[in-house]
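Only one structure is covered here, and it is reproduced in the block below.
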Amino acid sequence: MFVTDIRKEFYEVVANQRVVLLVASDMDALCACKILQALFHCDQVQYTLVPVTGWQDLGTAFLEHKEQFRYFVLINCGANVDLLEMLQPDDDSIFFICDTHRPVDVVNVYNDTQIKLLIKQDDDLGVPSYDDIFRDEDDDEEGGDSGNESDESSEPTGKRRRFDEGAVERRIERQRARREWEARRREILFDYEQYEYHGTSVSRKMLFSSFCRWAIIGLTDQWVHDKITNMKYVTDIATMQRHVSRHNHRNEDEENSLSIDCMRISFEYDLRLTLYQHWSLYESICNSSYTSCNFKLWTLNGQKKLQEFLADMGLPLIQVRQKYNSMDMSIKENLRDVIEESANKYGMKDIRIQTFGVHFGFKNRFLASDIVHATAALLESTEKDESDSNNFIKALDSLSRCNIERLHHGIELAKKKLIAIQQTVASCICTNLILSQGPFLYCYLMEGTPDVKLFSKPMALILLCKYLLKAFVHSTRNKRCKLLPLIMAAPKDVEKGTVIVVGIPPESDTSDKKNFFGRAFEKAAESTSSRTLHDHFDTSIMELKTEDRSKFLDALITLLS
């Protein structure tokens, strides 16, 4: 059941209860969690926070807490499965689900007792009507066949036979109608469930009062990881701009002006150069997918074109190669305009993007995308082999203003990650590791590939996958291949002999970001008895036994051809 008034039907209900927060390991979920934590802290609500990385974690966490708690809040997980069927909870357990994963399971939509969906209904959900997918068993029993039981002595034989024939015909007609209804139901559900995509950011849905910063970061995460269309991003950014303007308006008069040390959020039209304010301009251009793919920096011609681009801007190399903070003020003052002017000459018409900046005094300034990259790097850190829970807590802490040092550490990790991605993309393109398998492109990272451990993590592998597909589209001359989706696999656990597999839709500016690989993976695994683990909340991510890879791919080719 959809919750229409989030304050009354959700927050006021849980405010006087003990609550379990089950939070998925992604940036948007972390931001929504920070908003709820701040609210719970203000109102002294008792809660237990449990990070969950997949369905198994979710099931285990529920079993551990179901005796002590009645109310469970699921953030960025739980909407796209029949939750009651999976968890088998007691009748008094209540689940509040705030999730961007689509499509929403129909049982969750039409359960009005235990499932409460904190989901924006003006998203294009396309939920089938109740009568099309649910049917009361009583409908099949109506017009019973009591005529068969009639006493032989009270009815002539011929009449009874005619009566029996009529009852049989009615039964056959009902069975035929039911088969037609079931066939139509299967077709409706197939159309509804075949594509996976993402809706409005959960942190934006949780936006109460003045928690704009976290909602902005959650929305930016959807854009950075290419989960929503550009039109959706622009629309939601405009909504957030109105929130920010309203909260900033109170600081305009002197009486209410804030100290320079206070946090300030500003709407900006900034460059699509990753982490450039915390890096050198040269390294940012080389490691941003937008500029790297447009210049084709994995080629000698691309490197030459980059030098020409820098010369066209008239920026001295010594300035471009040193950290942004050390560049001359005279250059930084109009740097964005200079870059935009030169970028237009090289076909990069949209090098500037609508975003937000956050300022902590004079020293610390971050774009929303900087925080996304830094926190994501902390969340999937492979340093010291720390547990997923420890990484989760560190990433969550980095979103607090009092942990600026941790955020800076995340930025350093993000730089290493981006360099690893860029080098892996260049290697895959130059050694022709991307193969056309007919209905899709395929790339496998071999064990021993530099930084392969980093790409055993879902977010890092998806970022690499999207970067690689964009680079391939810019470099190939095969028009058909430019329209194909990409499947990528990387070693997950060498000891267990497993690989992580992800599938992404074709690269296109007009793409609706809908992904059909989730259902395709399930059917291919089922038809070949491949040993797979579909544990991730995104159905287009799965684990597979290494020795089953060939037969799984063959089945996938057959299925999608």
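Total residues in the range 90-109 satisfying the condition of being closer than 27 Å to R186 by Cα and assigned to a loop (DSSP other than H, G, I, E, B): the figure is 5. Considering the range 79-99, the residues that are in contact (Cβ under 8 Å) with a residue 60 or more places away in the chain and buried (at least 24 other Cβ atoms within 10 Å of the Cβ) include one that is farthest from the chain's Cα centre (by Cα), namely C98. Looking at this structure, is Q37 in a helix (DSSP H, G or I), open to solvent by 20 Å² or more (accessible area, probe 1.4 Å), touching a Leu at 6+ places or on another chain (Cβ under 8 Å) and not β-branched (V, I, T)? So Q37 fits the description; yes. Checking the conditions here, which among Q37, Q17 is under 19 Å from L118 (Cα atoms) and in contact with a strand residue (DSSP E or B) (Cβ under 6 Å, 6 or more places away or on another chain)? Selected residue: Q17, the only one of Q37, Q17 that is under 19 Å from L118 (Cα atoms) and in contact with a strand residue (DSSP E or B) (Cβ under 6 Å, 6 or more places away or on another chain). Residue pairs whose Cβ atoms lie under 9 Å apart, sitting 6 or more positions apart in sequence or on different chains, and linking a residue in the range 392-413 that is over 18 Å from I75 (Cα atoms) to a partner that is open to solvent by 20 Å² or more (accessible area, probe 1.4 Å) and of a type in the set (A, V, I, L, M, F, W, C), are S398/I404; R401/M263. Take the conditions (1) in a helix (DSSP H, G or I); (2) more than 24 Å from the chain's Cα centre (by Cα); (3) closer than 27 Å to I353 by Cβ; R365 misses just one of them, which is (1).
Among the residues of the range 352-375, just one is open to solvent by 50 Å² or more (accessible area, probe 1.4 Å) and either without any contact (Cβ under 8 Å) to a residue 60 or more places away in the chain or outside the structural domain of S400 (by the TED database) (or both), namely K363. Filtering T539, T498 for residues that are more than 17 Å from the chain's Cα centre (by Cα) and β-branched (V, I, T) leaves a single hit, T498. Every condition in (1) closer than 23 Å to H278 by Cβ; (2) touching a helix residue (DSSP H, G or I) at 6+ places or on another chain (Cβ under 8 Å) holds for I434 except the one numbered (1). Whenever a residue of the range 173-190 is basic (K, R), its partners that are in a helix (DSSP H, G or I) and surrounded by 11 or more Cβ atoms within 10 Å (Cβ to Cβ), lying with C-beta atoms within less than 7 angstrom and at least six residues away or across chains, give the pairs R174/D140; R178/D140; R185/D132; R185/I133.
Which is in contact with a Lys or Arg (Cβ under 8 Å, 6 or more places away or on another chain) and either on the phi > 0 side of the Ramachandran plot or of a type outside the set (K, R) (or both), of L553, L533, L544? So that I can check it myself, show each step before the final result.
Details: L553 fails: in contact with a Lys or Arg (Cβ under 8 Å, 6 or more places away or on another chain); L533 fails: in contact with a Lys or Arg (Cβ under 8 Å, 6 or more places away or on another chain).
L544 is the lone residue from the list that is in contact with a Lys or Arg (Cβ under 8 Å, 6 or more places away or on another chain) and either on the phi > 0 side of the Ramachandran plot or of a type outside the set (K, R) (or both).
Cβ-Cβ distances below 6 Å connect the following pairs, each with a first residue in the range 226-237 that is outside the structural domain of L468 (by the TED database) and in contact (Cβ under 8 Å) with a residue 12 or more places away in the chain, a second residue that is open to solvent by less than 50 Å² (accessible area, probe 1.4 Å) and of a type in the set (S, T, N, Q), and a separation of six or more residues or different chains: I228/Q222. The range 452-561 holds strands (runs of 3 or more DSSP E) entirely within its bounds, and those carrying 1 or more residues that are at pLDDT 95 or above and under 25 Å from K296 (Cβ atoms) map to 486-493, 498-504.
State yes or no: is V425 open to solvent by 20 Å² or more (accessible area, probe 1.4 Å), assigned to a helix (DSSP H, G or I), touching a residue at least 12 places away in the same chain (Cβ under 8 Å) and outside the structural domain of K363 (by the TED database)?
Values: open to solvent by 20 Å² or more (accessible area, probe 1.4 Å): no; assigned to a helix (DSSP H, G or I): yes; touching a residue at least 12 places away in the same chain (Cβ under 8 Å): yes; outside the structural domain of K363 (by the TED database): yes.
In short, no.
What number of residues within the range 366-390 are modelled with pLDDT under 90 and in contact with a helix residue (DSSP H, G or I) (Cβ under 7 Å, 6 or more places away or on another chain)? Adding up the residues that qualify gives 1.
For every residue, the table says whether it meets (1) open to solvent by less than 50 Å² (accessible area, probe 1.4 Å); (2) among the polar types (S, T, N, Q); (3) touching a residue at least 60 places away in the same chain (Cβ under 8 Å).
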{"position": "D270", "(1), (2), (3)": "yes, no, yes"}
{"position": "N287", "(1), (2), (3)": "yes, yes, yes"}
{"position": "Q303", "(1), (2), (3)": "no, yes, no"}
{"position": "E308", "(1), (2), (3)": "no, no, no"}
{"position": "L315", "(1), (2), (3)": "yes, no, no"}
{"position": "I318", "(1), (2), (3)": "no, no, no"}
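The C-beta contact set for the range 496-508 (first residue free of Cβ contacts under 8 Å to residues at least 24 places away in the same chain, second residue open to solvent by 10 Å² or more (accessible area, probe 1.4 Å) and in a strand (DSSP E or B), distance under 7 angstrom, 6+ apart or interchain) comprises P505/N515.
Taken together, K296, K349 contain a single residue that is free of Cβ contacts under 8 Å to residues at least 24 places away in the same chain and either within 32 Å of the chain's Cα centre (by Cα) or open to solvent by less than 50 Å² (accessible area, probe 1.4 Å) (or both), which is K349. Among the residues making up the range 435-457, those that are under 29 Å from R477 (Cβ atoms) and open to solvent by less than 20 Å² (accessible area, probe 1.4 Å) are F440, L441, Y442, C443, L445, F455. Condition (residue is surrounded by 15 or more Cβ atoms within 10 Å (Cβ to Cβ) and among the basic types (K, R)) applied to the range 482-489: is it met by at least one residue? Within the range 482-489, one or more residues are surrounded by 15 or more Cβ atoms within 10 Å (Cβ to Cβ) and among the basic types (K, R).
A residue that is at pLDDT 85 or above and assigned to a helix (DSSP H, G or I) occurs nowhere in the range 249-259. The requirement of being open to solvent by 50 Å² or more (accessible area, probe 1.4 Å), in contact with a strand residue (DSSP E or B) (Cβ under 7 Å, 6 or more places away or on another chain) and either of a type in the set (V, I, T) or at pLDDT below 90 (or both) is not satisfied by R242.
The values are calculated or read from the model by the stated rules, or taken from the named source; none is laboratory data. Just so it is clear, the model here is predicted, and its values are computed rather than measured. Glycine gets a Cβ as well: all are built from the backbone with ideal geometry, and neighbour counts include every protein chain shown. Protein only, heavy atoms only, side chains kept; ligands, DNA and RNA dropped before computing areas. Shrake-Rupley method; radii C 1.70, N 1.55, O 1.52, S 1.80 Å.
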